[in-house]
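Encoded as structure tokens, the structure appears first; notes follow it.
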Amino acid sequence: MATYQALAALPGGDPGPWGDSVNISYDQRDVLLYAVGIGLADLGFIYEKHPDFAVFPTFAIRWGGSGAPVDINLIPNSPGPLTIDAERYLEVLKPLPLSGSVSVRSRLIGVHPRGKGNGFCEYESVVSDAEGNDCIRMVNGSFRRGVEALGDIEPFDGSGTTYSEKIAIPTVSPTYTTEALIAENQAHIYRLSGDYNPLHIDPDSAKFGGFDEPILHGLCTFGHCAHLLLKAICDGDPGRFRKIKVRFSSPVFLGDTLRISAWQDGPGRVIFNGAVGDKEVVSNAYFEYE
């Protein structure tokens, strides 16, 4: 059990300081492995000799939060509250090179209460290429459960910025619908991009986490949403991708069929949700494009 001190962590509600940049190198194999890990079959993302070979726009999502300087006396982490990946936002400022080195800088931007005993922390990360150009901006939001007290948050609304918002789904028929079957080995492939959490492959670990069987990585679900929408709306052209934001409402399992429904919400923007059968698994989500 732990106490959060949001106002002390983010005095005046301003973002916290940027952490030291984390240098990350990746190669063609990493790009290809990520693409097949999120279920892509388009040759432009999975065949390095294709004339339009490109890095899929959400490739950098795995680096969100890297190097964030957080005072654990103010914002406790493990072995404090249980941390649950809840929401993700990614914006493309400039396409990533096909391989090379990038730097990632991160900072805490918001801490808010989410009901009794729950905190919600958000971190902003920016990925820059070797020339110093900002390429990707991301925000990752996580629930911190089992919080003994929200300290100086209560009775306030929290401190800092939030990208979390409720997005109502229209009552009319969706503008676009698309779906993908999640392969029985999808999590086995995705984990090779660096997320080796046993929850996604080991039945005993899944049961310990409260699931009957291993679940798909949330960021793999995120990637599926992105590529399904890009293909349905933009003919798969990565140059038209601008930003995507999702909330993970419920886990996706191997063998599930993920159905995406999207509604036009003005030029270059749709709001969408994801479902498996009658169960909503992705909510409060939007995708923007050119």
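Only the coordinates and a few stated rules stand behind these numbers; no lab work does. Since this is a predicted model, take the numbers as computed values, not measurements. Reconstructed Cβ throughout: ideal geometry from the backbone, glycine too, with neighbour counts over all protein chains shown.
Computed from backbone phi with θ = phi - 60° and the Karplus coefficients 6.51, -1.76 and 1.60, the 3J(HN,Hα) list for the stretch 120-134 is 10, 10, 10, 10, 9, 10, 10, 9, 10, 7, 5, 8, x, 7, 6 Hz; x is used for glycine and proline. This ranking places Cys225, Cys234 by how few other beta-carbon atoms lie within 10 Å of each, fewest first, which gives Cys234, Cys225.
When only alpha carbons of the stretch 176-289 are considered, Rg and Dmax amount to 14.5, 47 Å. Over all pairs of different C-alpha atoms, the stretch 6-160 has a mean inverse distance whose reciprocal, the Kirkwood radius, equals 16.9 Å.
Comparing mean-square fluctuations of Asp129, Asp30, Asp71 from a GNM of the chain with C-alpha springs under 10 Å, the top value falls on Asp71.
Spatial offset of the stretch 233-280 relative to the stretch 24-38 amounts to 22 Å, using the alpha carbon center of each. Restriction of the GluC sites (Glu not before Pro) in the stretch 154-191 to DSSP coil positions whose beta-carbon has at most 10 other beta-carbons within 10 angstrom yields Glu165, Glu184.
Spacing of the modelled spin labels on Thr171 and Glu48, each 7 Å from Cα toward Cβ, amounts to 5.4 nm.
From the Kirkwood radius over Cα pairs of the chain, Stokes-Einstein at 37 °C and 0.692 mPa s returns a whole-number translational diffusion coefficient of 167 µm²/s.
The long axis of helix 218-234 is offset from the longest Cα principal axis of the chain by roughly 50 degrees.
Of the cross-linked pairs Lys207/Lys231; Lys166/Lys279; Lys245/Lys279; Lys94/Lys166; Lys207/Lys245, those separated by over 26 Å at the C-alpha level are Lys207/Lys231; Lys94/Lys166; Lys207/Lys245. Backbone amide hydrogens, once placed in the peptide plane, bring Ile167 within less than 5 Å of Asn284, excluding anything fewer than 5 places away on its chain. The angle separating the long axis of helix 28-37 from the principal Cα axis of greatest extent in the chain is about 90 degrees. All other residues whose Cβ lies under 13 angstrom from that of Ser193 are scored, Lys and Arg at +1 and Asp and Glu at -1, for a net of 0.
Mean residue ellipticity at 222 nm from the helices of the chain, using -39,500 (n - 2.57) per DSSP H segment of n ≥ 4 over the full residue count, to the nearest 500 deg cm²/dmol? When only DSSP H runs of four or more count, the value is -4000 deg cm²/dmol.
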